[in-house]
Amino acid sequence: AVVTQEPSLTVSPGGTVTLTCGSSTGTVTSGQWPYWFQQKPGQAPRTLIYDTTNKHSLTPARFSGSLLGGKAALTLSGAQPEDEAEYYCSLSYSGDVIFGGGTKLTVL
Amino acid sequence: QVQLQESGPGLVKSSETLSLTCSVSGYSISTGYYWVWVRQPPGKGLEWLATIHLSGPTYYNPSLQSRVTISADTSKNQFSLKLTSVTAADTAVYYCATLHDAWGQGTLVTVSS
């Protein structure tokens, strides 16, 4: 299986953007336990969203996860300059985890 | 608060075995959670390597299954990764994590010829 993400997206400060995570095997379901991670240059990834919609305790409220149009989605509402980063999703396939290639989000 | 810290050699010779340990604090690994190893080659994306759950199955990346082993030592609250027959393609930052909560800071492992 291949997990697909937009290579890059740009959002204006204060704007809203949706990142998606698709599967080559078809519709993404909650049973694939979609995760979303944020990684800034030189830092380890950090978990934003797990199991489709659940936020890590440190995830800002402006981030939310969902299923949208057959894909997992991460929506950022009210983008801040500090949200500029690489975002990765992951999906589980019967226990095997596959990461997407990442989306480079620019806040500009 | 769960915290993880990777440790191990930063330089491994080609064809030898890469061994890393993840020390966990703030949570007993035998209580639950799935514990994973992930790596990231320089300038590239994330690659899942293996998952262990102390009361459940172990999972391996099919592309590495013949070379990778994940194990746990509950007495030390640690879990470990072994990757055999390494090549330059195994040069990466290696992370241990429990994906829904915490990640280690990562450790760079370079494979030298």
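Readers should treat all values here as calculations from the given coordinates under stated rules, not as data from a laboratory. Remember, predicted model here, so these are calculated numbers, not experimental data. With ideal geometry, Cβ positions are generated from the backbone for all residues, glycine too; neighbour counts draw on all protein chains shown.
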Open item on the list: So for the stretch B:19-27 (the condition being surrounded by fewer than 12 Cβ atoms within 10 Å (Cβ to Cβ), under 28 Å from A:GLN32 (Cα atoms) and within 14 Å of another protein chain (Cβ to nearest Cβ)), does at least one residue qualify?
Closed with: yes
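Could you identify the single residue in B:VAL109, B:VAL68, B:VAL36 that is among the β-branched types (Val, Ile, Thr), within 22 Å of A:PRO41 (Cβ to Cβ) and buried (at least 17 other Cβ atoms within 10 Å of the Cβ)? I'd like the intermediate steps shown before the answer.
Values: B:VAL68 fails: within 22 Å of A:PRO41 (Cβ to Cβ); B:VAL36 fails: within 22 Å of A:PRO41 (Cβ to Cβ).
Result: B:VAL109 is the single residue among B:VAL109, B:VAL68, B:VAL36 that is among the β-branched types (Val, Ile, Thr), within 22 Å of A:PRO41 (Cβ to Cβ) and buried (at least 17 other Cβ atoms within 10 Å of the Cβ).
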Task: Positions within the stretch B:63-81 being touching a strand residue (DSSP E or B) at 6+ places or on another chain (Cβ under 7 Å) and within 13 Å of chain A (Cβ to nearest Cβ), in sequence order - done: B:LEU64, B:VAL68, B:ILE70
Open item on the list: Just to be sure I understand, how many residues within the stretch A:66-106 are aromatic (Phe, Trp, Tyr) and out of contact with any Gly (no Cβ under 9 Å at 6 or more places or on another chain)?
Closed with: 1
Open item on the list: Restricting to the stretch B:36-65, give me the number of residues that are in a strand (DSSP E or B) and not basic (Lys, Arg).
Closed with: 13
TODO: Return yes when B:SER30 is away from chain A (no Cβ under 11 Å) and under 21 Å from A:VAL97 (Cα atoms) and no when it is not.
DONE: no
- [ ] Kindly indicate which of B:ALA92, B:ALA88 is touching a strand residue (DSSP E or B) at 6+ places or on another chain (Cβ under 8 Å), surrounded by fewer than 14 Cβ atoms within 10 Å (Cβ to Cβ) and more than 8 Å from chain A (Cβ to nearest Cβ).
- [x] B:ALA88
Task: Qualifying residue in the stretch B:100-109 (condition: away from chain A (no Cβ under 11 Å) and either in a strand (DSSP E or B) or of a type in the set (Asp, Glu) (or both)) - done: yes
